[in-house]
Structure formats: C-alpha cells, structure tokens
Amino acid sequence: MALAEQTSLLQTNGQKLIGYLWALYCEPTDLKIFTQNLFQYGQTHPDDLGVERVLSALGSLDLENKSFNYGYKIVYSTPWAPNADIEERHFKLTQIISQLSRSADKKTLDSLILVLSSMILLLNPDDTDMPNASKEKVSNIQMKYISLLHRYLKAKYPKKANSKLAGALMLIQMAKELYDLHAQRLPF
C-alpha cells in the first residue's frame, strides 16, 4: 500500500480508532493490562520510533506502584457535555463498544477481537480521498480482516459469532459517533 493511501486511511480513520480505544479502556482492569502490555512492548522493542519517549513519560508516572482508580465516571463526570442527551448517548456507546470486544466471561478484553477490529476500522476506505482503484484494493484487504474475525468468532464463540460480527461491523459508525460526541466536551 502506498504512503499516500496509508496517510489517507489514518487521517480518515484515526479518529474512529481513538473513539474505539476510549471505549475499551474506560475500565480500571483494562487500563492496567493495556499499560502492562505497553511496557512489555517497549522493553522488547526499545529501538522503535518513539518508544523510548513514551516509556520515559509512563515511567515518570510510576504506574507500576499505583492502584488504578480509573473509570468512565471519573473521566466523564457530569456535566462534561453541553447537555445530558450527549452524555447519555456517549455512555451507552461506550458500553456497547466495550462489550463487543470482551471475552465470554465479560471481564476481560479479547485481544484478538481488539486487534482485528482495530485493523477493520483503520482499513475502512469510506470517506477517504483515495481514487476508486485504491479504495477497492484497501476494501479487499479490509475484507480479509473481516473474514479472519468471522472465522475466529465462529471458533471461539460459536453461538454468538454472527451477532458479534454484526456488532464489529457496526463498530465503524459507533466509534466515529463516540469520537464526535467526545469532541463536544466542555472546556475544563
């Protein structure tokens, strides 16, 4: 994929991915696991671009020795938006998105669903300024990730595979809406 195509996808879908990740990491246990995974990645890939800087910033927070008293209600304490309808819709979307990516026990994130859903979001050619030939090429790549997700869901969650896949496909629009609602946050 050409750099121009990658840039277009990131510019168009980056906000959707941010909305998706916001919804996932509004639970204390999920944030702790994410932080631990980020530290592990940094330790095994210290030469990757920006890793040293991120690890230094996270290290100064001393997260390893702190309890995680973090959650949706702390980040989004009322009133955070211009009206209650925005706050309610944001909360509902956060809950729906979070549940779509959870394992059968509903307590932990399913990391494979997380990765595949992230790729499906990022590889969405809709709303990009790419030529149609490029959109078709990207759409074919996205379809491969959708197929991988569907196969995984059928193997891991046979009774809920189709409904989980439908939810994952709706994720693109929900994550965009979540990001747009967050953008209406009142100034501090």
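Kindly indicate the residue of the range 65-103 that is outside any loop (DSSP other than H, G, I, E, B) and exposed (fewer than 11 other Cβ atoms within 10 Å of the Cβ) and also modelled with the lowest pLDDT among those meeting that condition. I'd like the intermediate steps shown before the answer.
If we filter the range 65-103 for residues that are outside any loop (DSSP other than H, G, I, E, B), which is where we start, we get 65, 72-75, 84-100, 102.
Filter again for exposed (fewer than 11 other Cβ atoms within 10 Å of the Cβ), leaving 65, 73-74, 84-85.
On the way: Asn65: 62, Lys73: 75, Ile74: 71, Ala84: 91, Asp85: 93.
So, considering only residues that are outside any loop (DSSP other than H, G, I, E, B) and exposed (fewer than 11 other Cβ atoms within 10 Å of the Cβ), the one modelled with the lowest pLDDT is Asn65.
Does any residue in the range 69-97 that is farther than 23 Å from Ile172 by Cα come within less than 9 Å, Cβ to Cβ, of a residue that is among the β-branched types (Val, Ile, Thr) six or more places away or on a different chain, and which pairs are these?
From the range 69-97, the pairs are Trp80/Ile86; Ala84/Thr78.
The values are calculated or read from the model by the stated rules, or taken from the named source; none is laboratory data. The shown structure was predicted, so the numbers you read here are calculated from the model rather than taken from an experiment. Methodologically, a virtual Cβ is constructed for each residue, glycine included, from the backbone with ideal geometry; neighbour enumeration extends over all protein chains shown.
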